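One structure below.
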Amino acid sequence: MRILYAYPQWHKVSFSLIAKKHVEYLKRLGRVEVYELDELMVPTYVPSSRYTLILHPGFYIMHRVLESRRDIYGRFREDYYQWWRGNYDQLIGIDVCDSDQYTALAVALANRFDKFIVPSKFCTDVAKLSGIKAKIYRLPHGVDPEWYTVPNVWEIAPVKSINPSLLQLYLYKIRKGKKLIAFWLWHSAGRKGWDEVYQVYTRLAKERNDVTLVLKTMTPGTKEFQMIMQYGAIEVYGWLSDYEKMALYDLVDVTLNFSRGGGFELNCLESLARGTPCIASDYGSWVDYVPEFLQVKRGAKVQPLPGNALHGGYGYAVDVEDALNKLHQILDNLEEYKAKTQQWRHEVLMKLYRWDVIAHILTRIVED
C-alpha cells in the first residue's frame with residue numbers, strides 16, 4: 001500500500017497536528033509506505049508512481065487544485081483536473097463539519113473524492129443529509145496510548161520538564177485549596193462558546209469561593225482573560241508538549257467544552273483520557289465520546305460560522321442554567337464523577353480513541 005499524504009506543513013494548524021499523528025502511526029504499522037507532501041505543492045505535483053492521495057483538509061486543498069488552472073477567460077479547466085486526477089489510484093479527503101449542514105460548494109468539493117472521511121457520527125450524518133455522494137467514513141481522533149497509561153503527573157516525580165506556569169498553578173491549587181476548571185481557547189471564541197463560559201464562570205464565582213477558571217490560550221493577555229481577571233481566573237499560555245498537557249489535565253478538576261460547532265474538539269477527549277471530567281452539550285460531534293452523565297442540555301440554536309463558504313448550517317450553545325447546575329454537581333461530588341470518568345475511559349475510550357487503533361482503521365478505509 002502506497003499513500004501520499006498531503007497536509008499543511010508550511011504553517012501549523014489543527015489539521016497539521018491530526019495529519020502528523022496519522023502519518024506517524026501509519027508508518028509504525030510497517031506495512032504501509034507513507035510519503036508526505038505540503039498542501040501548497042498538491043496542484044502542481046506530478047508523482048513518479050501510483051499512490052492513494054489523501055488530502056487533509058480535503059475541502060481547502062481540493063479547492064486549491066480546482067482553482068489552480070483556468071483558461072484565458074477565467075473558466076475552470078476540467079481537462080486539467082482530469083489529467084491531474086489520473087495520476088492517482090484514488091483520492092481520499094479528510095475534513096470536519098462545523099455545523100449541521102454543508103454548503104453547496106462543500107458538497108461539490110467532497111464529491112470530487114472517491115472517499116470522504118470525517119471524525120464523528122454527527123459529521124457522517126451531516127455529510128449524507130447534505131447530499132455528498134462520495135463514500136463516507138467515520139475516523140475519530142485519538143491520543144497516544146500513553147495518555148491512558150502514564151500515572152498522574154503530580155503523584156509521581158516528574159519524568160520530563162514541565163512549564164513553570166504549571167508548577168505555579170500546582171502550588172496555587174495546593175495553597176489556596178481551589179478546584180480548577182479549564183477552558184481551552186486557541187481561536188474562534190464565538191464558535192468555542194466563550195459567551196457561555198463567561199456567563200457560567202462569573203455566576204459560579206459569585207456563588208462559591210472554591211473555584212478558579214484556568215484559561216488556556218496561545219498568547220498572553222487575551223481580551224477574554226481581561227474580561228474575567230477580576231473573578232480570579234488564571235491564564236496559561238503558549239505551546240505545551242503532550243506531557244505538559246497531561247500535567248494540566250491531571251491538575252484541573254473539570255474541563256469545559258462549550259463549543260457550538262466543531263468536528264471533534266480534541267481537548268475534551270484529552271481531558272477524559274486522563275480521567276478528568278469534561279462537560280459538553282448533548283448535540284454535536286463530541287457525543288460519540290462524552291458520556292451522558294457529563295452532557296448538558298443544548299440551549300439557543302445558533303450559526304457557529306455565519307457566512308462561511310463550507311459550513312452553512314446551525315449548532316447549539318450550551319444551556320447556561322443546566323451547565324451551571326452540572327458544574328455544581330460535579331464540584332460537590334468530585335470523587336464520584338472522577339471515578340465514573342475513569343471507568344468510562346477504561347471501558348470505552350481506550351479501546352478506540354488511540355492513534356494506533358485509528359491507524360488500523362485508516363488502512364482498512366484505504367483498502368476498502
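The values are calculated or read from the model by the stated rules, or taken from the named source; none is laboratory data. The model shown is predicted, which means the values in this text are computed figures rather than measured ones. Cβ coordinates were reconstructed from backbone atoms using ideal geometry, including for glycine residues, and neighbour counts include every protein chain displayed. Surface accessibility is based on the protein's heavy atoms, side chains included, excluding ligands, DNA and RNA. Shrake-Rupley method; radii C 1.70, N 1.55, O 1.52, S 1.80 Å.
So here's what we get for this one:
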quantity	calculated
Scope segment 1-47; condition under 23 Å from residue 80 (Cβ atoms) and small (Gly, Ala, Ser); matching residues	6
So residue 233, is it out of contact with any helix residue (DSSP H, G or I) (no Cβ under 6 Å at 6 or more places or on another chain), open to solvent by less than 30 Å² (accessible area, probe 1.4 Å) and more than 22 Å from residue 302 (Cβ to Cβ)	yes
Test: residue in segment 342-363 that is open to solvent by 40 Å² or more (accessible area, probe 1.4 Å), aliphatic (A, V, I, L, M) and closer than 30 Å to residue 60 by Cα	yes
Test: residue in segment 47-69 that is among the aliphatic types (A, V, I, L, M), surrounded by fewer than 19 Cβ atoms within 10 Å (Cβ to Cβ) and under 18 Å from residue 3 (Cα atoms)	no
Elements of type helices (runs of 4 or more DSSP H) in segment 210-287, at least 1 residues being of a type in the set (A, V, I, L, M, F, W, C) and modelled with pLDDT of 95 or more	242-251, 266-273
Search result, residues across segment 313-349 that are closer than 26 Å to residue 206 by Cα, assigned to a helix (DSSP H, G or I) and in contact with a Gly (Cβ under 9 Å, 6 or more places away or on another chain)	320, 321, 322, 323, 338
Yes/no for residue 135 being under 28 Å from residue 352 (Cα atoms), at pLDDT below 95 and either in contact with a strand residue (DSSP E or B) (Cβ under 9 Å, 6 or more places away or on another chain) or not polar (S, T, N, Q) (or both)	no
Matching residues in segment 288-310 - criterion: being outside any loop (DSSP other than H, G, I, E, B) and out of contact with any Pro (no Cβ under 7 Å at 6 or more places or on another chain)	292, 293, 295, 296, 298, 299, 300, 301, 302
Count of segment 327-368 residues which are under 22 Å from the mean Cα position of the chain (by Cα) and basic (Lys, Arg)	3
Whichever residue in segment 1-34 is touching a Phe, Trp or Tyr at 6+ places or on another chain (Cβ under 7 Å) and among the hydrophobic types (A, V, I, L, M, F, W, C) and, among such residues, is modelled with the lowest pLDDT	15
Matching residues, segment 350-368, being under 17 Å from residue 288 (Cα atoms) and part of a helix (DSSP H, G or I)	350, 351, 352, 355, 357, 358, 361
Some residue of segment 296-303 being modelled with pLDDT of 95 or more, farther than 30 Å from residue 57 by Cα and surrounded by fewer than 17 Cβ atoms within 10 Å (Cβ to Cβ)	yes
Top-ranked residue in segment 179-199 [being within 24 Å of residue 274 (Cα to Cα) and assigned to a helix (DSSP H, G or I); ranked as most open to solvent (accessible area, probe 1.4 Å)]	192
Test: residue in segment 163-171 that is in a strand (DSSP E or B) and of a type in the set (Ser, Thr, Tyr)	no
Qualifying residue in segment 155-175 (condition: exposed (fewer than 15 other Cβ atoms within 10 Å of the Cβ) and under 23 Å from the mean Cα position of the chain (by Cα))	no
Qualifying residue in segment 127-138 (condition: over 22 Å from residue 305 (Cβ atoms) and of a type in the set (Val, Ile, Thr))	no
Residue within segment 310-320 that is surrounded by fewer than 19 Cβ atoms within 10 Å (Cβ to Cβ), touching an Asp or Glu at 6+ places or on another chain (Cβ under 7 Å) and aromatic (Phe, Trp, Tyr) present	yes
Lone qualifier among 25, 102, 80, 35 - being hydroxyl-bearing (Ser, Thr, Tyr) and open to solvent by 40 Å² or more (accessible area, probe 1.4 Å)	35
